[in-house]
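Asker: I'd like to ask you about the structure that follows.
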Amino acid sequence: MNQILVIDIGNTNVVVGVMADGQVLHATRIATALGEGKFETIASVKTELRELRKEHPEFRGGILSSVVPELTQAVCEVVFQVTGVEMMVMGDNRLKLGMEICVEHSEQVGHDRIADAIGAMSQFSCPLIIVDMGTATTVNVVDREGRFVGGMIIPGVRTSLDALSSRASQLREVPLKLPEHLIGRNTTECMQSGVFYGAASMIDGLIDRIRAQQGSDTTVVMTGGHARLVYPLCRHKVEYDEYLLFRGLYCIYINSMQS
Ligand SMILES: Nc1ncnc2c1ncn2[C@@H]1O[C@H](COP(=O)(O)OP(=O)(O)OP(=O)(O)O)[C@@H](O)[C@H]1O
Ligand SMILES: CC(C)(CO)[C@@H](O)C(=O)NCCC(=O)O
Ligand SMILES: [K+]
C-alpha cells in the first residue's frame, strides 16, 4: 500500500490527509490564520501530524498545495520535524503535472485550481469545468485536448456574505445554511436564498456559456466545502467530489515518482 501525506493550505482551512491507492483514508480541517494567528495554525498542524503519525506509521512521502505562501515553508518544516517526510510542493518545477497550463502567466495560477483540474481529469473525460467553492469560487476549464485554459475567480459564498453584512448597516451576519423558502420571508432568509440560489444560478449560467465554447458534452465537477450545499441546487447535471484536490495531489505525486 502506497500511503502518502497530502496537505491543502487554503485561505480558510488547512486540510491534512492521508491517501493510499487513490483513496482518502483520513482528512482533518484546521482553521487558517495569518499574522499572530499563524503560530497557532502551525501548532495545530503539528498536533494533528503527531496524532496522524500514530495511526498511519507507514507513509514515507507527501505532497502539498498552498495558496497561502506565508504558511508553506513553516508547514513543510513541521511535517519534516514530526514525520521525517520531505514534502513535494506544488510549484516545484521538478513535479510532473501531466497537464499543460495554457494561460498568460502559468506560475500565477493557484495550485489548488491546478490540483483540482488534475483530480477531475483522472476521473472524467475532457472537456471539463471544475468548480471549487471555498474562500473564492473558482471555475476552471480543461479543454478537449486536456489543457488547463483558465476560468473565473468569484468571491466565495462565505466571503460575499461577510462583505455584505460588514458593508450594509441593517444587515447582520447570518448562519450559512439553506433557507426554507426560495423567496425569502425575512432578512435572514433573503440573504441565505440570495447567496445559495444565486451561486447555483450563476454556476448554471457559466456552464451554459462555457459549453457554448467548449462543447455541449463538457462535464462539470464540483468540490469545496460550500459546494456540498450548492450542487444539489444546480439545474445542470454536475458531479460532486469532496476530495477532488487530494485526488489531484495523489496523481501528481505518483506521476512525479514514476519518472
Ligand atoms: N466535510 C464537511 N462537512 C461539513 N461542512 C464542511 C465540510 N467541509 C467543509 N465544510 C464547510 O464548508 C466551508 C468551506 O470549506 P472549504 O474547505 O472547501 O473551503 P474553505 O476552507 O472555506 O476555503 P479554502 O479552500 O479557500 O481554504 C468550511 O469552512 C466548512 O464550514
Ligand atoms: C483564487 C484562490 C484564492 C482560490 O483558492 C487561489 O487559487 C489563488 O490565490 N489563486 C491565485 C490567482 C490565480 O489562480 O490566478
Ligand atoms: K491577499
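Asker: Looking only at region 215-251, filter to residues that are away from ligand 1 (no atom under 16 Å from the Cβ) and buried (at least 24 other Cβ atoms within 10 Å of the Cβ); which one of those is farthest from LEU25 (Cα to Cα)?
Answerer: It comes out as VAL220.
Asker: Look at GLY184 and say whether it is surrounded by fewer than 17 Cβ atoms within 10 Å (Cβ to Cβ) and of a type in the set (Gly, Ala, Ser).
Answerer: The answer is yes for GLY184.
Asker: Something else about it: Against the definition (over 25 Å from ILE30 (Cβ atoms) and more than 9 Å from ligand 2 (Cβ to nearest atom)), how does ILE118 come out, yes or no? If you could, list the steps in order and put the result at the bottom.
Answerer: Numbers: over 25 Å from ILE30 (Cβ atoms): no; more than 9 Å from ligand 2 (Cβ to nearest atom): yes.
No; evaluated as a whole, the condition is false for this residue.
Asker: May I ask you to verify whether SER122 is touching a helix residue (DSSP H, G or I) at 6+ places or on another chain (Cβ under 8 Å) and within 14 Å of ligand 1 (Cβ to nearest atom)?
Answerer: Values: touching a helix residue (DSSP H, G or I) at 6+ places or on another chain (Cβ under 8 Å): yes; within 14 Å of ligand 1 (Cβ to nearest atom): no.
In short, no.
Asker: On the given criteria, is LYS54 in contact (Cβ under 8 Å) with a residue 24 or more places away in the chain, more than 11 Å from ligand 2 (Cβ to nearest atom) and farther than 23 Å from GLN214 by Cα?
Answerer: no
Asker: I've got another one for you. What are the residues in region 122-155 that are under 15 Å from the mean Cα position of the chain (by Cα) and under 18 Å from GLN214 (Cα atoms), if any?
Answerer: Within region 122-155, the first condition is being under 15 Å from the mean Cα position of the chain (by Cα), and the residues that meet it are 129-141, 151-155.
Answer for region 122-155, where residues must be under 15 Å from the mean Cα position of the chain (by Cα) and under 18 Å from GLN214 (Cα atoms): ILE129, ILE130, VAL131, THR138, VAL139, ASN140, VAL141, GLY151, MET152.
Asker: Next question, about the same structure. Can you tell me which residue within region 119-131, out of those that are in a loop (DSSP other than H, G, I, E, B) and of a type in the set (A, V, I, L, M, F, W, C), is nearest to ILE153 (Cα to Cα)?
Answerer: The qualifying residue nearest to ILE153 (Cα to Cα) is CYS126.
Asker: Restricting the first residue to region 1-23 and requiring it to be within 15 Å of TYR243 (Cβ to Cβ), which pairs with a second residue that is within 12 Å of ligand 1 (Cβ to nearest atom) and among the acidic types (Asp, Glu) meet a Cβ separation below 6 Å and a spacing of at least six or different chains?
Answerer: That search, which allows pairs on different chains as well, returns VAL15/ASP8.
Asker: Would you check which residues across region 135-166 are free of Cβ contacts under 8 Å to residues at least 40 places away in the same chain and of a type in the set (Ser, Thr, Tyr) and list them?
Answerer: Result: THR138, THR159, SER160, SER165, SER166.
Laboratory data are not the source of any read-out in this text; all were calculated from the coordinates shown. A quick note: this is a predicted structure, and the numbers were derived from the prediction, not measured. Positions of Cβ are generated from backbone atoms using ideal geometry, with glycine treated the same way; all protein chains shown enter the neighbour counts.
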